[in-house]
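Visitor: Pasting a structure below so you can have a look.
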Amino acid sequence: MNEKYSVLFMRDDTKVHRFRISPMWLKLLIWMQLVLVISTSLGVYAGYTYWDQNAALRNERADLQRELRATQVQLERLENIEQILQSNDPEELQSLFGTMSIEDSSKEKPTVDLSSLLATEDVQLVSVENVMLKPAEDGTIRLSFDINNLDTAKTIDGITTLSIVGRDGQVFSINADSKDLKFTISRFKKVVTSFSLPETTTLKDLYALRIAINTDNKTVLKDLFPIESILQ
């Protein structure tokens, strides 16, 4: 016997409309809805996966562009030096080497004073926590950290100074917006700022970030944060 389902459509002002539907078509409708739900779920998952991969590729591309710019600058310098050496022009050679002599070249390079470079200071007035560095797509570096007042009985006014220490011992000051670095706190403040690395310098060349807190023209906190431990 060929079974069918009856579907009735009723309105107050019209007569009843009756439709008969085969069970096969009803099952087909249910299966189509399941397929639609599964397809939509797979589409959402695929879209999120490709978006996440695209974001990672954009960050990698920004890093490669910075490294490429640094390499191009270094290459241009080396090409200029090569051209001067090949020219054998005494004036250009003198300009290149300046007053360098054989005696000068034999002198030892100055050593790095690690005790001064890695010195820290803390008078237990404030603390710095949750330090994070994150490269931005525009080539700058985003920095965030929390300044906590250890003596909540009084308000502290001050300013933060930032610098970075290279793996070769060089120290570079960070030129961030002073409005971001000034603070007046009774408990804590979250500092968020951004800065650019020195020319031809990448994050791989850096050893640590140095944060110093100054109040009343005195340094109350100075600490180093290794780049590898704070890089996001």
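The values are calculated or read from the model by the stated rules, or taken from the named source; none is laboratory data. The shown structure was predicted, so the numbers you read here are calculated from the model rather than taken from an experiment. Here the Cβ is made from the backbone with ideal geometry for all residues, glycine too, and neighbour counts use every protein chain on show. Just the protein is used for accessible areas: all its heavy atoms, side chains included, with ligands, DNA and RNA removed. Shrake-Rupley method; radii C 1.70, N 1.55, O 1.52, S 1.80 Å.
Visitor: Inspect all residues belonging to segment 49-61 and state whether any of them is open to solvent by 100 Å² or more (accessible area, probe 1.4 Å) and either at pLDDT below 85 or assigned to a strand (DSSP E or B) (or both).
Guide: No - not one qualifying residue is present in segment 49-61.
Visitor: How about segment 188-222: which of its residues are touching an Asp or Glu at 6+ places or on another chain (Cβ under 9 Å) and at positive phi?
Guide: The one that is touching an Asp or Glu at 6+ places or on another chain (Cβ under 9 Å) and at positive phi: 216.
Visitor: Does residue 153 qualify as being of a type in the set (Gly, Ala, Ser) and more than 19 Å from residue 231 (Cβ to Cβ)?
Guide: So residue 153 fits the description; yes.
Visitor: Moving to a separate point now. Would you point out which residue out of 199, 137 is within 22 Å of residue 60 (Cα to Cα), open to solvent by 20 Å² or more (accessible area, probe 1.4 Å), among the acidic types (Asp, Glu) and more than 17 Å from the chain's Cα centre (by Cα)?
Guide: After applying the criteria, what remains is 199.
Visitor: List every residue pair whose Cβ atoms sit under 6 Å apart, with the two residues 6 or more apart in sequence or on different chains, where the first one lies in segment 15-37 and is open to solvent by less than 90 Å² (accessible area, probe 1.4 Å) and the second, anywhere, is charged (D, E, K, R).
Guide: Close Cβ pairs satisfying both conditions: 22/4.
Visitor: Considering only segment 155-168, state which residues are open to solvent by 10 Å² or more (accessible area, probe 1.4 Å) and either at pLDDT below 90 or assigned by the TED database to the domain that holds residue 56 (or both).
Guide: 167, 168
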